[in-house]
Structure formats: C-alpha cells, structure tokens
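Colleague: Mind having a look at this structure? Questions to follow.
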Amino acid sequence: MTQEHGQLDSLVRKRIRALRVAQGWSLEELATRANLSQSSLSRIENGQRRLALDQLVTLARALDTTLDQLVENAADDVVISPMIDSTHGLMRWPVKGDPGMTVMRQRMTEPPPDNPARMRAHPGREWLVVLSGTALLMLGHRRFRIETNQAAEFPTMMPHAIGAEGGPCEIMGIFDRDARRSHQKDAGTEGAESDCGGVKGPCE
C-alpha cells in the first residue's frame, strides 16, 4: 500500500465515523441501515478490516451521500488568496467547489445614484453582507438601509443599485455565474465605477 493510498484509506474511515456521529447514530444504528454487523462496522471504522467496494457503496447510501463524495481525496488548496483589481477597488475569491460562484469585497464611498436609469437588472441572484459602515440598497422602488453585519439577498432581475450612507462602507458579496458575468462586463466598461454584487456604486 502506497503512502497516498494509505492516507486516503484512513480518511475514508474517519469520514464514515464523522458522518455517522453527525447523524447522531450509534454503531448499531448505522450497521442496521447498511446491512452490516456492528462488529464489522466497528472494524471498518478502526482500520481493522479491509474496505470493500460493495460495502462502501452500501455505507455511502446509508449515510445519505455518494461513493464519490465518500472516497474523494482532501483538497490540496485549502487557503485561497484573493485576486485584486486595484482599478475598480475589488478583491475577488473564486469558490473552488462551485466554479459558478464568486466572492467579492468592495469599499464604497458614494451614495447610490438618484437616476433610475442607472439601476441595473440582469439574470442571477446575489447575496451581500455589510462588513463596516452602512449601505443603502435601492431595489425597484424600495430603499433598504443595511447596517454592519446585516445581509441582503435578492434576484438581480429586480433593478438595483447600492451605495454608502453617511460615510464609507465595505461590503462582501456572493454572486452566481450570471451575476458575476454582469459585474465583469460593467467593471470593464465603466472605468472608475463598478458593479458590486450587481448593485452599482463608485468605489475607491
């Protein structure tokens, strides 16, 4: 057995036990669900019995997961550094587990635009949290004050804009693929102004 195979073997056994504990099940309960004896399951978790493919398939089903998820290796890149767009005042982190998602951080200093024509609408959905200061979200005909540590989530087909209220604010947003494409397009075509979470506002 190679070192890499041995590490994966140990990881799978720990994962089985952790998933069982997370469900609040005893050895007996999971063994019953997986049609195994309690002693066999104990030996599997403790590394005293060889992992057989048919047993792993059954255990994965009993634990409400898939075989691929049960045996996937540990991710090599745990820490993700941001990609910095200094031109538009943005920091962006890709979500490796879901390439369609992006996390973005932006500092804003100006209020949202008064002109409804400058509000944006595009496919997608966005979630944002205010890290510091107070943000003002324009959503259709409504206005929302979002304080530090408060969050907002909305469909981006609703015309929207965001800016700071009473001083600079810093926000972090999570965008799906459609919303991210809109941001990148806006950031590339509007110079010093950019879209943050699909909601528009100048930034430093």
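Colleague: Do the conditions hold for Asp98, that is, is it at pLDDT below 85, within 23 Å of the chain's Cα centre (by Cα) and assigned to a loop (DSSP other than H, G, I, E, B)? It would help to see each step written out before you state the result.
Modeller: On the way: at pLDDT below 85: yes; within 23 Å of the chain's Cα centre (by Cα): yes; assigned to a loop (DSSP other than H, G, I, E, B): yes.
Here the answer is yes, as Asp98 does meet what is asked.
Colleague: Check whether at least one residue in the range 3-12 is modelled with pLDDT of 90 or more and open to solvent by 90 Å² or more (accessible area, probe 1.4 Å), and report yes or no.
Modeller: no
Colleague: A follow-up question, please. Could you check how many residues of the range 58-68 are under 28 Å from the mean Cα position of the chain (by Cα), surrounded by 12 or more Cβ atoms within 10 Å (Cβ to Cβ) and either on the phi > 0 side of the Ramachandran plot or not in a loop (DSSP other than H, G, I, E, B) (or both)?
Modeller: As a first pass, look at the range 58-68 and keep what is under 28 Å from the mean Cα position of the chain (by Cα): 59-68.
Imposing the further condition that a residue be surrounded by 12 or more Cβ atoms within 10 Å (Cβ to Cβ) reduces the set to 59-63, 65-67.
Still in the list and also either on the phi > 0 side of the Ramachandran plot or not in a loop (DSSP other than H, G, I, E, B) (or both): 59-62, 67.
Number of matching residues: 5.
Yes or no, residue by residue, for (1) within 30 Å of Phe175 (Cα to Cα); (2) without any contact (Cβ under 8 Å) to a residue 12 or more places away in the chain; (3) open to solvent by 60 Å² or more (accessible area, probe 1.4 Å):
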| residue | (1), (2), (3) |
| --- | --- |
| Gln38 | no, yes, yes |
| Ser42 | no, no, no |
| Glu72 | yes, yes, yes |
| Leu90 | yes, no, no |
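Colleague: Next question, about the same structure. State all residues of the range 108-158 that are in a strand (DSSP E or B) and touching a Leu at 6+ places or on another chain (Cβ under 7 Å); if no residue qualifies, say none. Walk me through it before giving the result.
Modeller: Initial filter on the range 108-158 (in a strand (DSSP E or B)): 108, 120, 125-132, 135-139, 142-146, 151-155.
Across the range 108-158, the qualifying residues are Arg143, Phe144, Arg145, Ile146, Ala151, Ala152, Phe154.
Colleague: Return yes when Val129 is open to solvent by 20 Å² or more (accessible area, probe 1.4 Å), closer than 30 Å to Arg20 by Cα and at pLDDT 85 or above and no when it is not. Walk me through how you get there before you give the answer.
Modeller: Working: open to solvent by 20 Å² or more (accessible area, probe 1.4 Å): yes; closer than 30 Å to Arg20 by Cα: no; at pLDDT 85 or above: yes.
Taking the combined requirement at face value, the residue does not satisfy it.
Colleague: Quick check on my filter: what residues within the range 1-36 are in contact (Cβ under 8 Å) with a residue 24 or more places away in the chain and β-branched (Val, Ile, Thr)?
Modeller: Val12, Ile16
The values are calculated or read from the model by the stated rules, or taken from the named source; none is laboratory data. Here the structure is a predicted model, which means the values were calculated and not measured. Glycine also receives a Cβ, built like all others from the backbone with ideal geometry; neighbour counts cover every protein chain displayed. For accessibility, only protein heavy atoms count, side chains too; no ligands or nucleic acids. Shrake-Rupley method; radii C 1.70, N 1.55, O 1.52, S 1.80 Å.
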